[in-house]
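In what follows, a single structure is set out as structure tokens and then discussed.
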Amino acid sequence: GEEAAAAVLARHGPALEGLGLGVDVTRLAVLARDGPGEPMLPRYTIRFPGGQVEPADEALARAGADDAAIGGAAPAGGEGAAGGPPPDREVAKYSVLPEERAARVLLRFFEGKGKAAASGGGGGGGRATLFVVDKSSSMGGSWSQLIESVRTIREHAGESEPDFILYNNYARRCTLNDVLGDYPSGTTSFAAAFEAISAYVRQQPRGTEVSVVFMTDGQDTASRDLPRAVSDFRSLLRLSPATVTVHAFGYSARHNARFLMDMVGFGQLPGTYRYASTAEDLRDGLEAVFDVVDLTRRMTLAVLGAGGAAGGRRETLLELEVDATQKPPVWEVDAVVFGADAEPLLRAHAAGEKLTLVVRRPRGAGDLATATAEPRDMSEVAKLRVAEEMVVDDYDAHRRAQALVDAVNVHRVQRWRREEVAAIKASAQARLDGFLDLLADSARHGAGGGGATFVARLASLRYEAAFSKARRARAMHKRAAENADSLSRIEGKLDLLHAAVDLDAEVAAAGAAPVELVCALTGDEVVDVMGGKQDFFCFGLLVTRAEHVIDAPSNISIQNVSTGGLYTFDAYTEALNHAVRSKGHAAASGGFDSGGAAVAAADAADGEADEEMGAFRGPDGAMLNGALPLFVSEQHWRRVEALIEPTLGFFFTLDATAFAPAQVMALYSILGYMLCLHANADARYGGAWFSWLVGDFTEVCRRLVPRALKYVQQGRYAAAPAAGGDAAAEAP
């Protein structure tokens, strides 16, 4: 085993430095399978620096699989081995990041064990959601966006529509249809709104969880005694037999941000604050607030120490209010704490102690779940969660948070989790970008130059992690509904193809292939790719994409074709995303950035580019940023054919939904270019590897001839503007 690991290190170690992905390698895993069609499992690991070799089970036990389930990983040959998620299991663990004085606690429990959490337990009347909407005259410019958001809320809410109060100088309870039919008028009285909210809360049964979303675009202009109204309102909410949480939503620079930030503390449980500066932000922000209200439940998380003898009292190390998110049939509590709150967990982790996690209903209404949490190393997801929750109020904090995000490589997690982790990474990055914009504005105008707007933006960003988690949960619900026709058609075909895959035949075909069918970025082999459902092999290119490529795809500019390495499409897209984040869109992808691609290409040709254009470096040392599918085998082709439209849409326009039939025609231009390269028969393009590539891609184009002929016969293949502006016929 150690000799095999040393051989792997000698063969592949030097290539790691040439990947161009900005990845720090800390561990190599040596994997093996028991036979054809069996899953690849880690047997040994090589740790860096030093090159120590050890059995994989010991290394993985110490490192901890990323968000692994209690009881171990999915069984070999189970769903996880085939590229999909393993069965849902309970999870309880905690990890720490000492340099940030941060700790993360993760607990997942089944809905059945926390049934009261899903049904509103505590002897109460379930859940109630109340939107309190400002309809004063100043709302005139934003009313249409508000109405659009309300319609979206109706779609998300299903049968359980929220309740509404409309207020100006008066307030009244109304239905969703009433809101859709109303219009702005009058002045603004917060006191009138508070009185209507109080009446609503009094009507709720004991134990009902009430979420109040208070919205305004301005300040109070009509209340006779606002301080008295605020005091009475706060007292009523605090003493209510219902459990009330107040969320505040302010839009436009005119609103009183500090007042709304105080409001989120009026209820028995703390709420969130959201700021929207434009009409578009209003729509997106209101939907985000609804996601938080609809898909999360406020609970109490208690972290208990190891305790003494059996039955002895355990010390409460930490107790805090958390949002539990439902991902049916599992509830998840994912909490990050800093500073003094994290210290007990830092000490326990250093001592290797197990802790007890207890999730309780609000206001002491009983325990929902109890579990023993194992100490784990900080996983990729945990690092992102810390970055999501960090308070970024200066450039140093931003630098530290950005370093955490940049260090996360999605390909270090299980294949079935990569999409989810990529979404978490994107939301963490968006939050950091918002903080950076805010810090830049502060530097330009001074800390006080932004006034209330600066305070509002800062406060809203600090709640962004809560909104991001809710949006991700909502995305899981919406995913099947978006692009329903095309997705259902593609997904259905992929399901049938996946069920019929003969892995033994694929392994045999790969063994007989004249080239090594292994992803140069991840090491995935045919059995790994075909064992999943949607991934496929492709080859790399370096391209630039001017705007006219959208309408004339055969005018895409091919700068280079890879000679010596294949890639999986999943690995390619992750490498491209990483490069866009680190280098910028034009330099990485070669396209659609206000002419940036053309400038980048020209600079590269003149030797003046700040960075070499491309997303990653191939085994031949050339930079690449595009990928086109390969034939490989009949089974592989059937999968590629099912995915050809989004694949070509992404290659030509960087948008998987932007497929056009002319893109099929453009493949023949690319094939012609490759044939010309091969005909020159130089050392680079005249070898056996490139000969195989040209032959394989020729078969791809041959299989697409029926699509091309159908397009021509329909008379849709007409002249298109060439790159220089002259009319030129698109020709296969």
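The values are calculated or read from the model by the stated rules, or taken from the named source; none is laboratory data. Please read all numbers here as calculations on a predicted model, not as lab measurements. Cβ: placed from backbone, ideal geometry, glycine included. Neighbour counts: every protein chain shown. Quick note on the areas: whole protein, heavy atoms, side chains included, nothing else; ligands and nucleic acids left out. Shrake-Rupley method; radii C 1.70, N 1.55, O 1.52, S 1.80 Å.
Overview of values
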| item | result |
| --- | --- |
| Sorted peptide list for 160-166, 187-193, 626-632, criterion being average Cβ within 10 angstrom, highest first | 626-632, 187-193, 160-166 |
| Surface per residue (accessible, 1.4 Å probe) for the stretch 153-238, Å² | 50 |
| 25 Å Cα-Cα threshold exceeded, pairs from LYS493/LYS583; LYS383/LYS493; LYS354/LYS425; LYS533/LYS710; LYS93/LYS383; LYS93/LYS425 | LYS493/LYS583; LYS383/LYS493; LYS354/LYS425; LYS533/LYS710 |
| Length-normalised contact order of the stretch 164-306 in % [C-alpha pairs under 8 Å, at least 6 apart] | 19 |
| Burial ranking of peptide ranges 241-247, 638-644 (average Cβ count within 10 Å, highest at the top) | 241-247, 638-644 |
| Mean Cβ neighbour count within 10 Å, used as a protection proxy, ranking 509-520, 289-300 highest first | 289-300, 509-520 |
| Descending Cα extents along the principal axes, the stretch 189-293, whole Å | 38, 34, 18 |
